[in-house]
């Protein structure tokens with residue numbers, strides 16, 4: 001039995017499941033909106049396993065799990081407890097917070113248990129600290145952009161003198177927010193942006209700056225167990241996408257074509273992914289006009305369909321192959 | 001700095017025809033006509049600099065060559081690259097996790113088969129596209145029952161040809177489209193007038209309700225081939241390279257309940273109920289038609305549109321298995337639509 005943990009709206013999960021069905025492989029899918037009831041979690045000399053029950057009464061016993069795909073999302077456990085009603089509100093709140101904290105640790109334990117299976121990623125590695133990842137990339141011998149976090153204009157100015165034009169981006173996550181406008185809800189996302197030094201105030205919220213790379217093109221690489229599926233994105237020609245290709249131009253989309261990574265870069269990326277304990281992930285790089293490969297980040301739960309479809313890489317099928325217990 | 005060479009992008013693929021060629025832009029889903037001389041140039045020079053071209057074709061051709069290159073640049077069919085060997089060709093394989101990807105079921109008032117068992121079989125085969133063609137009036141309650149039974153099936157997209165009926169107002173049809181998001185096209189035939197509705201309340205504003213005065217009372221309306229049916233994308237292109245773009249992984253039920261590749265084809269494979277879809281798939285006579293690709297079909301094999309075009313094996317010129325579709329009026333030798 002193959003276990004898939006995912007979010008309920010993920011298209012890629014459905015595509016992989018079609019291949020699992022085609023190969024006649026048994027699977028079970030849990031998504032973040034499914035509250036599970038814990039039947040047992042056992043840890044002894046012989047085994048580390050658990051059994052949970054879904055709302056429809058199906059039992060998932062990890063002893064029967066041959067492979068585990070952490071696609072995205074998280075496990076959700078039913079909270080069941082009754083507090084004595086003589087407790088005052090304040091004490092009740094303290095108890096509730098405590099119970100929730102205990103449950104969160106318990107959920108962590110389940111994730112640890114799943115991580116011991118033959119697996120494609122884990123919950124623990126779903127959201128890696130970007131600073132940590134850049135540091136590991138540097139250790140693996142990859143070039144990274146000079147990166148500064150500061151609140152002070154003077155520090156920023158000094159860094160700009162040394163590194164030329166800068167971009168700013170989120171320290172960890174961009175924000176996605178929705179505004180109610182005349183036409184209904186409009187979604188806004190923040191992108192990596194060029195920095196206009198003239199409008200930087202003396203003191204500001206800690207902000208991450210990186211040297212602006214002179215891009216020839218960008219790379220989006222899907223890594224799967226030491227195999228690389230790379231797409232080159234020609235985003236630099238279009239003003240809209242020149243700094244961040246995710247600021248899509250839907251009318252005339254950026255050219256996206258298959259690309260073969262140099263062996264030397266593959267070796268370094270493999271080392272990085274192993275040090276991050278990732279079996280798969282979407283890696284972003286930039287190739288500069290001087291042909292220097294610069295590592296930007298890795299997203300363990302990224303949308304790989306945007307690489308698979310334009311390059312005809314059949315990644316859904318390849319993931320299904322990886323999950324097959326007897327390939 | 002290395003010398004930069006021009007190279008076509010891997011998803012912009014030239015296809016040569018008898019009198020002219022096209023470049024299929026599989027990413028932007030578009031194509032452009034080009035003269036065969038440009039096609040030949042691109043084959044002879046997979047990488048080039050303008051100087052190299054002028055050296056090869058002569059100074060007299062300079063203007064034409066520069067015009068060709070700026071055409072390629074303007075459409076972003078290629079780029080000037082210094083690291084060209086890393087830009088690999090596109091993988092042109094086609095495969096799908098389904099025994100059957102598409103199906104047609106025809107119905108008229110004399111039909112005596114049940115839909116649901118067929119739906120169940122199609123679901124087991126992981127069929128994704130279904131076309132239902134009702135040649136006569138069909139009851140509203142029954143239609144809703146049928147569509148409800150597909151709610152949790154493998155079918156992702158349902159196209160319906162429906163006989164106009166007093167039982168359905170435009171509102172009813174639109175409600176149907178909203179209730180059953182799997183319906184991607186609803187064509188109401190034998191209507192009083194040609195009308196077209198976009199439903200602003202539907203979550204996909206592409207989904208349209210189409211009334212046509214055309215009377216679709218049997219399968220003979222099918223098999224037309226023209227440029228409106230072209231699909232220039234990776235999925236279609238790669239399938240067309242290997243397989244028949246109409247019949248591949250298709251199974252149909254005609255109005256008499258007979259299993260067939262397509263209802264318009266005369267060869268039948270037994271009546272549903274007596275025979276199963278699954279058993280039919282073992283029959284090589286049934287599946288062999290799947291691999292009749294355009295490169296094997298007379299005239300089509302010389303046509304520049306062969307990998308973006310649809311096909312028809314039921315109505316062919318002179319009724320021959322490998323002649324061009326009878327309902328195609330393009331002549332690739334003259335480059336003209338008749």
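Structural remarks
- Subset of the stretch A:155-185 [part of a helix (DSSP H, G or I), touching a residue at least 12 places away in the same chain (Cβ under 8 Å) and out of contact with any helix residue (DSSP H, G or I) (no Cβ under 8 Å at 6 or more places or on another chain)]: A:159, A:162, A:163
- Leading residue by the ranking (surrounded by the most Cβ atoms within 10 Å (Cβ to Cβ)) among those in the stretch B:16-37 that are part of a loop (DSSP other than H, G, I, E, B) and away from chain A (no Cβ under 14 Å): B:17
- Any hit, the stretch B:123-134, residues being loosely packed, with under 14 Cβ neighbours inside 10 Å and in a helix (DSSP H, G or I): no
- Among the residues of the stretch B:147-166, those identified as more than 26 Å from the chain's Cα centre (by Cα) and in a helix (DSSP H, G or I) are B:148, B:149.
- Meets criteria (loosely packed, with under 15 Cβ neighbours inside 10 Å and either part of a helix (DSSP H, G or I) or more than 14 Å from chain A (Cβ to nearest Cβ) (or both)) for residue B:89: no
- Residues being closer than 27 Å to residue A:290 by Cβ, within 14 Å of another protein chain (Cβ to nearest Cβ) and in a helix (DSSP H, G or I) - total across the stretch B:38-86: 5
- Screening residue A:283 with (1) at pLDDT 95 or above; (2) not assigned by TED's automatic domain parsing to the domain that holds residue A:226 gives one miss only, at (2).
- Residue, surrounded by the fewest Cβ atoms within 10 Å (Cβ to Cβ), within the stretch A:262-296, restricted to residues that are away from chain B (no Cβ under 11 Å), in contact with a helix residue (DSSP H, G or I) (Cβ under 6 Å, 6 or more places away or on another chain) and not in a loop (DSSP other than H, G, I, E, B): A:275
- In the stretch A:125-149, of all residues being out of contact with any strand residue (DSSP E or B) (no Cβ under 9 Å at 6 or more places or on another chain) and assigned to a helix (DSSP H, G or I), the one that is surrounded by the fewest Cβ atoms within 10 Å (Cβ to Cβ) corresponds to A:132.
- Against the test of being free of Cβ contacts under 8 Å to residues at least 12 places away in the same chain, over 21 Å from the mean Cα position of the chain (by Cα) and surrounded by fewer than 17 Cβ atoms within 10 Å (Cβ to Cβ), the options B:169, B:213 yield a single qualifying residue, B:169.
- So residue B:134, is it touching a helix residue (DSSP H, G or I) at 6+ places or on another chain (Cβ under 6 Å) and at pLDDT 95 or above: no
- Residue B:333 falls short on exactly one of the conditions (1) under 24 Å from residue B:22 (Cα atoms); (2) in the same structural domain as residue B:155 (by TED's automatic domain parsing), and that condition is (2).
- The residues of the stretch A:299-315 that are at the interface with chain B (Cβ under 8 Å from one of its Cβ atoms) and more than 18 Å from residue A:273 (Cβ to Cβ), listed by number, are A:309, A:310, A:311, A:312, A:314.
- When residues of the stretch A:52-94 are limited to those that are closer than 19 Å to residue A:41 by Cβ and under 24 Å from the mean Cα position of the chain (by Cα), the one surrounded by the most Cβ atoms within 10 Å (Cβ to Cβ): A:70
- Screening residue B:96 against (1) surrounded by 14 or more Cβ atoms within 10 Å (Cβ to Cβ); (2) in the same structural domain as residue B:263 (by TED's automatic domain parsing) leaves a single unmet condition, (2).
- Summed over the stretch A:1-45, residues that are more than 13 Å from chain B (Cβ to nearest Cβ), part of a helix (DSSP H, G or I) and out of contact with any helix residue (DSSP H, G or I) (no Cβ under 9 Å at 6 or more places or on another chain) total 1.
The values are calculated or read from the model by the stated rules, or taken from the named source; none is laboratory data. Quick caveat: nothing in here was measured; it's all calculated off a predicted structure. Heads up, the Cβs are rebuilt from the backbone with ideal geometry, glycines too, and the neighbour counts pull from every protein chain shown.
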